[in-house]
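Peer 1: Before I ask anything, here is the structure I am working with.
The values are calculated or read from the model by the stated rules, or taken from the named source; none is laboratory data. Since the structure is predicted, the reported quantities are computational estimates derived from the model, not experimental observations. Every residue, glycine as well, gets a Cβ built from its backbone with ideal geometry; the counts of neighbours run over all protein chains shown.
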Amino acid sequence: MFSYTFDGQEKPWQSKMVLLPFIFFTIFLIRKWFSSPKPSKNLPPSPPKLPIIGNLHQLGLNPHRILHSLALKYGPLMLLHLGSVPLLVVSSADAAREILKTHDPIFSNRPRSSVASGIYDCKDIAFSPYGRKYSDGEGGRKFKKVLETLGVLLGAFNVGEFIPWLVWIKYVDGMKGKIKKIAEDLDEFLEFVVKEHMDERRRNGNDGGGENRKDFVDVLLEIQRNEEGGFALDAISIKALILDMFAAGTDTTFTLIEWTLSELIRNKNVTMKLKNELKNIARSRSTITEEDLEKCAYLKAVVKETLRLHPPLPLLVPRESTQDVKLFNYDIAAGTRVVINVWL
C-alpha cells in the first residue's frame, strides 16, 4: 500500500508536488499586487510600451521627428519609458514655459550619463561664448577632431543607461575605452590652455591682463584665486567650463550657419530678398555693423526659420525632476527625465 515511499522510483506526480508551493506563492504575490490599494496618479498620456525596452523601439534614427508625430496624437506632455527610465517629452511653448520658468528649480537638475561623467565628472555648464584663438595649426586640427569624436559619443545610444542590468555592454562594445581616450585627449588640450593663461598671469604681475583685456579663462582663474562668490572653483571645474566654451558655444553656431547657407542656396527668391535688404541698409558701406542688425528684419526671419527647420539641438539638453510635481494636472514623479522638443 505504501510501497511508493520505499521503491526508489520517482513518480510523475511527486515532481509536480514539489512545484505546487512555488505556484501558490506566485499566485499569492500576483493577487496581492493587483488587489493592494495604490495611490491614484494622473499620469501624462503614453504610447504602448514593450517589456524591458519600453518605448525605445519607437525612437528610430530621427527621434525629434518621431516624438513630434507622437505628440500630435498624445499631446504636448507625453510620458515615455526608455527601458526603466521614465521620460517626459515636452512639445509646446506653454508646457516648456512650465518646465523652464514656473517650475525651473524642480527641473534644473541634469541626469548623469556615462559620457558626461567621464568628461570632468559632469562639472561643466552649457553654452559659454567662444573667446580664444586655438583653431589654427596642428593642435587646432587635432582638437577639432577630438570635439567631433566627443559629439559622436554624446549622441551614441548607451543601452546601460536605460536598462541597468545591461550596463556591462559598454565594456564589450568599446564605449568605456573610447570615453577614457577622449577624456585624456581633452584634458591634455585644456591643461595647455589653463597653463598658458597662468604663465601669462605670472609674466604680467599676476593681473592676468598685460596689454590685453582679460578673457573668460582669466576671469575663471581670478575667481579661483580669490575664492569669489563664497565657493572654491577647482581645476577640473575650470577645464570643464572651458570645454563648454570651445564645444557647445561653437558647434551650435556653425551648424546654424551651414543650414542657413544651404537653405539660401535652395531658395533663390529668399536669397535675393535678403541681399536687397542688406544692400539698402549698408548702402555704400562694405560691412554691416551691430547697430544695423536691429534693422535687418528679413535676416532675423531667415535665421528664425532656419532654427525652426534645423535646430542644432532639436531635443534640448535633458533635465531631471528633483521632486514630485504637477504639470497641467498631470503627476510627474521625482527622477523623471525631461526633454523639450523644439523641432516643429
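Peer 1: Are there any pairs, at least 6 apart or on different chains, whose C-beta atoms fall under 7 Å, with the first in region 214-239 and more than 19 Å from E191 (Cα to Cα) and the second at pLDDT 75 or above and surrounded by 13 or more Cβ atoms within 10 Å (Cβ to Cβ), and if so, which?
Peer 2: G229/I223
Peer 1: Here is a follow-up. For region 277-288, does any single residue satisfy the condition of being in the same structural domain as I182 (by TED's automatic domain parsing) and either modelled with pLDDT of 80 or more or surrounded by 17 or more Cβ atoms within 10 Å (Cβ to Cβ) (or both)?
Peer 2: No.
Peer 1: Picking from F254, F246, which residue would you name as being of a type in the set (F, W, Y), farther than 30 Å from L79 by Cβ, buried (at least 16 other Cβ atoms within 10 Å of the Cβ) and modelled with pLDDT under 95?
Peer 2: The conditions single out F246.
Peer 1: What are the residues in region 226-241 that are modelled with pLDDT under 80 and either touching an Asp or Glu at 6+ places or on another chain (Cβ under 9 Å) or in a helix (DSSP H, G or I) (or both), if any?
Peer 2: Listed by number, the residues that qualify are N226, E228, G229, G230, L233.
Table: residues versus (1) under 22 Å from T250 (Cβ atoms); (2) assigned to a loop (DSSP other than H, G, I, E, B); (3) modelled with pLDDT under 90.
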residue	(1), (2), (3)
K300	yes, no, no
V303	yes, no, no
L307	yes, no, no
L313	yes, yes, yes
V317	yes, yes, yes
K326	no, no, no
A334	no, yes, no
L344	no, yes, yes
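Peer 1: Name the residues in region 26-58 that are under 30 Å from H310 (Cβ atoms), surrounded by fewer than 16 Cβ atoms within 10 Å (Cβ to Cβ) and at pLDDT below 90, would you?
Peer 2: H57
Peer 1: Restricting region 66-84 to residues that are on the phi < 0 side of the Ramachandran plot and modelled with pLDDT under 90, which is surrounded by the most Cβ atoms within 10 Å (Cβ to Cβ)?
Peer 2: This residue is L82.
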